[in-house]
């Protein structure tokens, strides 16, 4: 007589289920060499301080479930991504502070090139089997230049949108970085036309590093609460925008074909 499989004990079943959260949030942060070392540290501190701030924690508490899952990854060229802080459940200030402490204490280093597509695809992989099930999934991507390596950005964006993931953008449009010749004056338009997508997707440009901390807080509150961006003016989609502009600039400067 064959015996059927016995059901798992209730405790084991509960442990096997993903933890439900209001949002699974990937913080994907550019560490390409066009960002100065001092700015790399400023980015880390900006995110750490924002996560423990009162407005962000109030947004977490106000959610349907009152908890979110967050991971922090840094990225540069194709294949150059690393997880700085792995997926963490945040419900309380203490949990946010622990996340922030790990973020601040981990060594910072820069890498070459800019692959927004690589960052998006890495974020998607991080969401697979992460132990959480969000009512929403969001990739929060910041960077100071257009895609110039790896898969074209539109292809990666399409993968994310097909999976029901929203991508929001924080284009860094400051002009005091390590490589001024790479400054891209309409990066906000690039992000709007080529990077962001999904329900409620938005762009918040940063034009001076003094704006960074406030921009991060605002962005996190909107993402956690699932609120639309209502009062942003001056960033309008452009007809026929060239989303391969970054690859073309790289090819012109270095005499190579498109990657």
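We did not get these values from a lab; they are worked out from the coordinates using the rules stated. Keep in mind that this is a model prediction, so the values were computed, not measured. In this analysis, Cβ positions are derived from the backbone assuming ideal geometry, glycine residues included, and neighbour counts consider all displayed protein chains.
Placing pseudo-labels 7 Å out from each Cα toward the beta carbon at residue 19 and residue 229 gives an inter-label distance of 2.9 nm. Approximating the spin labels as points 7 Å out from Cα along Cα→Cβ, the residue 54-to-residue 254 distance works out to 4.8 nm. Pairing the Cα long axis of helix 153-162 with the longest principal axis of the chain, what angle in degrees results, from 0 to 90 and rounded to the nearest 10? Roughly 20 degrees, rounded to the nearest 10.
Fully extending the segment from residue 186 to residue 64 would add 40.2 nm, taking 0.36 nm per residue of separation and subtracting the current Cα-Cα distance. Among beta bridges identified by DSSP and lying wholly in the chain, the antiparallel ones come to about 25 percent.
Residues considered: 214, 100, 110. Largest GNM mean-square fluctuation over the chain, using C-alpha springs under 10 Å, is found at 214. Reported value for the chain: 157 Å³ per residue, from the convex hull of its C-alpha atoms. Shown for 158, 115, 34: other C-beta atoms within 10 Å of each C-beta, ranked fewest to most, produce the order 158, 34, 115. Seen against the Cα atoms of the chain and their longest principal axis, helix 212-225 is set at about 40 degrees. In the chain, the calculated helix contribution to ellipticity at 222 nm averages -10500 deg cm²/dmol per residue, counting -39,500 (n - 2.57) for every DSSP H run with n ≥ 4. On a 0 to 90 degree scale, rounded to 10, what angle separates helix 93-105 from the longest Cα axis of the chain? Orientation of helix 93-105: about 50 degrees from the principal axis. Note on 116, 245, 141: ascending count of other Cβ atoms within 10 Å places them as 245, 141, 116, the fewest first. Between residue 38 and residue 83, the simple spin-label model (points 7 angstrom out along Cα→Cβ) gives 3.4 nm. Sorting 16-22, 69-75 by their mean Cβ neighbour count within 10 Å, with the most densely packed peptide first, gives 69-75, 16-22.
With neighbour counts taken as other beta-carbon atoms within 10 Å, the residues 86, 186 rank, fewest first, as 86, 186.
Scoring 77-84, 117-124 by mean Cβ neighbours within 10 Å over their residues and listing the highest first yields 117-124, 77-84.
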